[in-house]
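Okay, so here's the structure we're looking at.
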Amino acid sequence: MNMVLLGPPGAGKGTQAARLVENFGIPQISTGEMLRAAVRESTPMGLRAKAFMDSGALVTDEVVVGIVRERLQLEDCSNGFILDGFPRTLPQADSLTGVLVGLGRKLDVVVSLQVDTDSLVERLTGRRTCRDCSLGFHIRFDPPAVANVCNSCGGELVQREDDKEDTIRNRMEVYHMQTAPLEDYYRKNGLLKTVDGMASIDSVQGQILDILQAI
Ligand code: ADP
Ligand code: ADP
Ligand code: ZN
């Protein structure tokens, strides 16, 4: 199962990807997560990416395509993968096709999560992320059992630097300009499936599982 989760910031890509990992045992490939790890470790790539990420802009295609190309070659992707947050531009989508062709593989499905803008802002401002394992929670919609403590690893929950209102507005703008056209791109090549992302987390998961069952 080679899939892409598409959707604006806060749509629920990371939340659903984490559940699919549990269901299918295939890895979640989150470019945002990999970039944040590089920033934390102050690698040369992380140092370059930080300013883009802090302002809500996209990191250059070349950098993210490089990350994904390397990641897809690892053994754990051989039975499938869930791309979360990549591709985000048309050139990235073309590059992904090329990388997969090179590996003798192709995408099976692109699942697009549809959520209205007001809800996205509410989701992002209330999002809390585990400092240690990166699992996501929401102060109202998906609260941890103990306030500010990760259910999975006991780590501290923190608010991402880019989940502040100003940066969120930029990220929405960037999404509409650069990423939204991917819906048409994948609709035209027959891979796009849309899901009502406004539904509860469980219901969205059910919709995705139904789609995967059917293909
Ligand atoms: P993305 O990876 O697309 O940016 P996340 O999966 O991190 O989005 O979700 C953003 C926030 O919204 C998180 O705090 C998450 O707990 C919450 N969330 C995710 N899916 C839903 C849903 N279906 N209903 C309500 N809140 C949700
Ligand atoms: P969200 O799911 O909330 O939008 P991500 O964790 O996917 O956030 O991404 C955080 C930031 O990392 C983005 O705002 C962008 O700066 C950078 N980033 C992640 N994925 C990509 C990508 N495919 N192309 C360019 N930049 C990316
Ligand atoms: Zn954790």
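For this structure, a couple of remarks:
- Residue match in the range 172-192 (condition: part of a strand (DSSP E or B), closer than 19 Å to Asp84 by Cα, modelled with pLDDT of 95 or more and not β-branched (Val, Ile, Thr)): yes
- Thr129 in contact with a strand residue (DSSP E or B) (Cβ under 8 Å, 6 or more places away or on another chain), part of a strand (DSSP E or B) and within 14 Å of ligand 1 (Cβ to nearest atom): yes
- In the range 79-104, the residues that are in contact (Cβ under 8 Å) with a residue 40 or more places away in the chain form Cβ pairs under 6 Å with partners that are small (Gly, Ala, Ser) and within 16 Å of ligand 1 (Cβ to nearest atom), at six or more places apart or across chains, as follows: Ile82/Ala17; Asp84/Gly14; Asp84/Ala17; Asp84/Ser30; Gly85/Ser30; Gly85/Gly32.
- Checklist (1) assigned to a helix (DSSP H, G or I); (2) surrounded by 17 or more Cβ atoms within 10 Å (Cβ to Cβ) applied to Val111, failing item: (1)
- In the range 10-30, of all residues being in contact with a Leu (Cβ under 8 Å, 6 or more places away or on another chain) and β-branched (Val, Ile, Thr), the one that is farthest from ligand 1 (Cβ to nearest atom) corresponds to Ile26.
- Qualifying residue in the range 128-146 (condition: touching a His at 6+ places or on another chain (Cβ under 9 Å) and surrounded by 15 or more Cβ atoms within 10 Å (Cβ to Cβ)): yes
- Met177 being free of Cβ contacts under 8 Å to residues at least 40 places away in the same chain, among the aliphatic types (A, V, I, L, M) and within 24 Å of Gln92 (Cα to Cα): yes
- Count of residues meeting criterion [away from ligand 2 (no atom under 16 Å from the Cβ) and touching a Cys at 6+ places or on another chain (Cβ under 7 Å)] in the range 135-166: 5
- Within the range 132-152, the residues that satisfy the criterion of being of a type outside the set (S, T, N, Q), within 12 Å of ligand 1 (Cβ to nearest atom) and closer than 19 Å to Met34 by Cβ are Leu135, Gly136.
- The one condition in (1) closer than 24 Å to Thr129 by Cα; (2) within 17 Å of the chain's Cα centre (by Cα); (3) not β-branched (Val, Ile, Thr) that Gln92 fails to fulfil: (1)
The values are calculated or read from the model by the stated rules, or taken from the named source; none is laboratory data. Keep in mind the model is a prediction, meaning the values are calculated, not measured. In this analysis, Cβ positions are derived from the backbone assuming ideal geometry, glycine residues included, and neighbour counts consider all displayed protein chains.
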